[in-house]
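K.L.:
Pasting a structure here, questions to come.
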């Protein structure tokens with residue numbers, strides 16, 4: 001390893017330590033013994049597919065180098081981190097709210113529902129002391145929670161939830177691409193790209209489109 005690479009590695013370790021310290025201070029975890037569960041979502045904005053919510057409790061004895069907001073990490077790095085988080089997390093879950101549910105109760109309520117499901121799944125094996133959520137307060141949850149603006153770039157556990165939610169949803173949309181290849185879901189993951197909107201106009205909606213999102217496109 002070159003001297004430059006060593007410096008970069010130390011900088012990355014320091015960044016990770018800073019994220020962990022920030023989340024501990026935020027939760028009042030001065031002893032470093034609390035179980036902090038990060039919560040984040042992926043897919044609130046697309047015209048098709050589910051919204052995904054991730055919940056993750058990370059161990060304290062692992063650095064999870066290069067873990068960051070999923071939007072700031074390459075697809076290749078996300079895949080590596082996805083495997084690492086699933087292998088080493090104390091507990092984790094990813095839950096969906098499907099398009100028909102989004103249409104029924106709106107995207108915000110559907111996101112909360114997916115988050116509650118992910119929290120319940122994690123808590124069924126290991127009950128967290130505190131939830132650290134990316135920018136939201138989840139209704140009807142009986143565990144203390146703290147909303148953190150841009151939390152996926154500040155808190156390690158929220159960044160981990162961000163990675164799990166995005167990779168799980170992206171892979172689901174790649175599967176949907178095989179069922180509905182005319183829409184290009186593997187490329188845009190359901191977001192409103194020019195190609196997607198043109199396909200909607202040509203073919204109309206498929207079963208995984210959010211009817212409440214696409215009305216003015218067709």
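The values are calculated or read from the model by the stated rules, or taken from the named source; none is laboratory data. Note that the coordinates shown come from a computational prediction; the quantities given were computed from them, not determined experimentally. Backbone-built Cβ (ideal geometry, glycine too); neighbour counts: all protein chains shown.
K.L.:
Out of segment 22-68, which residues are assigned to a helix (DSSP H, G or I) and surrounded by 13 or more Cβ atoms within 10 Å (Cβ to Cβ)?
P.N.:
22, 23, 24, 26, 27
K.L.:
Here's something else I'd like to know. Condition test on residue 66, is it free of Cβ contacts under 8 Å to residues at least 60 places away in the same chain, more than 24 Å from residue 141 (Cβ to Cβ) and touching a helix residue (DSSP H, G or I) at 6+ places or on another chain (Cβ under 8 Å)?
P.N.:
Considered against the rule, which asks whether it is free of Cβ contacts under 8 Å to residues at least 60 places away in the same chain, more than 24 Å from residue 141 (Cβ to Cβ) and touching a helix residue (DSSP H, G or I) at 6+ places or on another chain (Cβ under 8 Å), residue 66 comes out as yes.
K.L.:
What residue, among those in segment 69-79 that are in a helix (DSSP H, G or I) and surrounded by 14 or more Cβ atoms within 10 Å (Cβ to Cβ), is modelled with the lowest pLDDT? Full working, then the answer.
P.N.:
Quick first cut of segment 69-79, residues in a helix (DSSP H, G or I) only: 70-72, 75-79.
Now drop any that are not surrounded by 14 or more Cβ atoms within 10 Å (Cβ to Cβ), which leaves 70, 77-79.
Numbers: 70: 92, 77: 97, 78: 97, 79: 98.
Filtering first and then ranking leaves 70.
K.L.:
Further question: Exactly one condition in (1) in contact with a strand residue (DSSP E or B) (Cβ under 9 Å, 6 or more places away or on another chain); (2) modelled with pLDDT under 95 is false for residue 183; which is it?
P.N.:
That leaves (2) as the condition not met.
K.L.:
Any residue in segment 138-156 that's farther than 12 Å from residue 39 by Cα: show its pairings with residues that are part of a loop (DSSP other than H, G, I, E, B) and modelled with pLDDT under 95 at Cβ separation under 6 Å, as long as the two are six or more apart or on different chains.
P.N.:
Short answer, once both residue conditions are applied: 153/69.
K.L.:
Inside segment 83-186, counting only strands (runs of 3 or more DSSP E) that do not spill past its ends, which hold 3 or more residues that are buried (at least 18 other Cβ atoms within 10 Å of the Cβ)?
P.N.:
91-97, 130-134
K.L.:
Can you say whether residue 60 is within 23 Å of residue 11 (Cα to Cα), out of contact with any strand residue (DSSP E or B) (no Cβ under 7 Å at 6 or more places or on another chain) and touching a residue at least 40 places away in the same chain (Cβ under 8 Å), as far as the supplied structure shows?
P.N.:
yes
K.L.:
Among the residues in segment 34-50, are any modelled with pLDDT of 95 or more, within 18 Å of the chain's Cα centre (by Cα) and farther than 29 Å from residue 209 by Cα?
P.N.:
yes
K.L.:
Let me ask something else. I need the full set of residues from segment 193-218 which are assigned to a loop (DSSP other than H, G, I, E, B), within 18 Å of residue 110 (Cβ to Cβ) and within 25 Å of the chain's Cα centre (by Cα), in order please. Break it down into steps so the answer makes sense when it comes.
P.N.:
To start, the set of residues in segment 193-218 that are assigned to a loop (DSSP other than H, G, I, E, B) comprises 193, 204-208, 210, 218.
From what is left, the residues that are within 18 Å of residue 110 (Cβ to Cβ) are 205, 207-208, 210.
Passing the criteria: 207, 208, 210.
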